[in-house]
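Before any comments, here is the structure.
The values are calculated or read from the model by the stated rules, or taken from the named source; none is laboratory data. All values derive from a computational prediction rather than experimental measurement. Don't worry about glycine lacking a Cβ; one is built from the backbone with ideal geometry, like all the others, and counts go over all protein chains shown. Areas reflect the complete protein model, heavy atoms only, side chains present, ligands, DNA and RNA absent. Shrake-Rupley method; radii C 1.70, N 1.55, O 1.52, S 1.80 Å.
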Amino acid sequence: MWFDTGAPTDSFYEVRAECSDVPKTRFKIKAGKTLSERRWKAAFSPEGHLDMTRMLSRIQRGGIHPTIRGEVWEFLLGCYDPKSTYEERDQIRQRRSHRSGEQYAKWKELCCQMFPVIGSGRYITAPVITEDGQPIHDPLVLLEANPQLGLAHPQDNGNAEHSELSTSNSSETNKPTNHPPMDKKEIQWKLTLHQIGSLSFLKVSGDGMAVARMDFKKCLDVVRTDRTLVFYEKQENLSKLWDILAVYAWIDTDVGYCQGMSDLCSPMIMLLEDEADAFWCFEHLMRRLRGNFRCTDSSVGVETQLSNLGLVIQVIDPKLHQHLETLGGGDYLFAFRMLMVMFRREFSFGDSLYLWEMMWALEYDPDFFSMYEETDSNAETAEGSKGKPKSISQYGKFERENMKNKIKSGEAPLPISVFLVASVLKEKSSKLLTEARGLDDVVKILNDITGNLDAKKACAGAMKLHRKYLKKQMSRKLREIGVKP
């Protein structure tokens, strides 16, 4: 019998020739399994209604063809309601992009007025103000921050690693200027802009997370996001990434910008040509993940998921959990990176996208759009839509398991990412138990998985552990009320 081995997808995300150590993409396009453009178009009714149930099944089996990945992600992330029409989606897109609305274009224009580098096709890598809001009169800062004077120019050869800076107008930059006082929000925002440009590492204080910050920096060890890809050799693509992250940092004052967001946003830039569409796709993803980035002086939000990971391992593999605690790893900080950037460093670029879309398909909730949509014009529609009972088949497989087992009552369900990390630890359990004599050994063993994981098998392993965890939790609850499981 003929067996389809699949078509490789590396050509869709071309790697720079000098980057020879980049893991090859395992994901392949398979006829009859991968969601193709033909099947995607056929899933819409003449009015534009989408049969999402069929699409979820297809995505879980074989992923999405790279040519349609961006538009499918918009539905998976809740940017659009599958039950909407073509006309309704066009209206939403126009509203989100229109300059007269409280949407992306207006936010970007406001950011540009406060800092003209936004939207200029450039980005900055040096601090522009002090912590009390005073401008920094440094030549590099002045050159980067004054594109209207023609001081910062991308190289003619298109290489975006450096910018050629002209000093022909240096006398202009040395002239004293009057700067109106900035409020606290603007000061805080401008303090983060160079961190986005240089992609600085997560700033966390407190004794516990100081270790996490050091380990995260050591493990990531990157200066710029996805710089192995040919796509980011172009200055315009880097600046688009910087613009979106800068605008997001302005509108989300609680989180701002933290290391890891660039890894989450980068694929959106590549998959969606329209900048506003890319922004909203990233913004909807952040609605799910922003809790991981919410920091205080003594903690960072992802600690909650690390704690949940510890609980899962304690239930499904108590021996491994005890061993990790003995080694001083009971806080699971060694898994910090996997949860923060959703396995971007453990998989090739293409395979990480494949993993993400399978995760989103498994976790899909048909109420995502109504939960996320905030405009007054859709408030009544969204509320009414949410109130209608939906068939369980409209939910992703992972979400259906949560619903069937009724674990949601009284506590929020754990995300599939926690079970993905747990499945990796479970797979490496034997090696961790026999070879890990300290946390350095744990990190080394887990670093060896980079480029050696299969995204589909990882999701299957996560689903298996999820069912096991739910079963054990249900048994525990029954015992607590005196009922024999």
Original post:
When both residues are 6+ apart or on different chains and their Cβ atoms are under 9 Å apart, which pairs have a first residue that lies in the range 457-481 and is within 30 Å of Phe27 (Cα to Cα) and of a type in the set (D, E, K, R), and a second that is modelled with pLDDT under 90 and open to solvent by less than 20 Å² (accessible area, probe 1.4 Å)?
Top reply: none
**OP:** Look through Asp243, Asp254, Asp277 and report the one residue that is farther than 24 Å from Gln188 by Cα and not basic (Lys, Arg).
**Re:** Asp277
Original post:
Which helices (runs of 4 or more DSSP H) does the range 37-83 wholly contain that include 1 or more residues that are open to solvent by 10 Å² or more (accessible area, probe 1.4 Å) and aliphatic (A, V, I, L, M)?
Top reply: 37-42, 52-62
Original post:
Would you call Pro23 crowded, with 16+ Cβ neighbours inside 10 Å, part of a loop (DSSP other than H, G, I, E, B) and modelled with pLDDT under 90?
Top reply: yes
**OP:** Please work out which one of (1) buried (at least 23 other Cβ atoms within 10 Å of the Cβ); (2) within 21 Å of Leu229 (Cα to Cα) is the condition Leu324 fails and give its number.
**Re:** (2)
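Per-residue answers, yes or no, for (1) more than 18 Å from Leu446 (Cβ to Cβ); (2) in contact (Cβ under 8 Å) with a residue 12 or more places away in the chain:
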{"site": "Gln314", "(1), (2)": "yes, no"}
{"site": "Phe334", "(1), (2)": "no, yes"}
{"site": "Asp351", "(1), (2)": "no, yes"}
{"site": "Trp356", "(1), (2)": "yes, yes"}
Subject >> When residues of the range 327-337 are limited to those that are among the hydrophobic types (A, V, I, L, M, F, W, C) and open to solvent by less than 10 Å² (accessible area, probe 1.4 Å), the one nearest to Ala436 (Cα to Cα) >> reply: Ala335
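One line per residue, one yes/no per condition, for (1) surrounded by fewer than 16 Cβ atoms within 10 Å (Cβ to Cβ); (2) under 25 Å from the mean Cα position of the chain (by Cα):
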residue: Asn402; (1), (2): no, yes
residue: Asn405; (1), (2): no, no
residue: Arg437; (1), (2): yes, no
residue: Asn447; (1), (2): yes, yes
residue: Ala455; (1), (2): no, yes
residue: Ala460; (1), (2): yes, yes
Original post:
Across the range 26-36, what is the total count of residues that are touching a helix residue (DSSP H, G or I) at 6+ places or on another chain (Cβ under 7 Å) and assigned to a loop (DSSP other than H, G, I, E, B)?
Top reply: 5
Original post:
Mind checking whether some residue in the range 84-103 is open to solvent by 80 Å² or more (accessible area, probe 1.4 Å), more than 23 Å from Ser45 (Cβ to Cβ), without any contact (Cβ under 8 Å) to a residue 40 or more places away in the chain and outside any loop (DSSP other than H, G, I, E, B)?
Top reply: no
Original post:
Looking only at residues in the range 10-20 that are part of a loop (DSSP other than H, G, I, E, B) and touching a Leu at 6+ places or on another chain (Cβ under 9 Å), which one is modelled with the lowest pLDDT?
Top reply: Cys19
**OP:** Being farther than 27 Å from Cys295 by Cβ and in a loop (DSSP other than H, G, I, E, B) is the filter; apply it to the range 247-277 and report the residue that is least open to solvent (accessible area, probe 1.4 Å).
**Re:** Leu272
Original post:
Restricting attention to the range 309-355, which residues are in a helix (DSSP H, G or I) and among the basic types (Lys, Arg)?
Top reply: Lys319, Arg337
**OP:** Examine the range 365-388 for a residue that is assigned to a loop (DSSP other than H, G, I, E, B) and modelled with pLDDT of 95 or more, and state whether such a residue exists.
**Re:** no
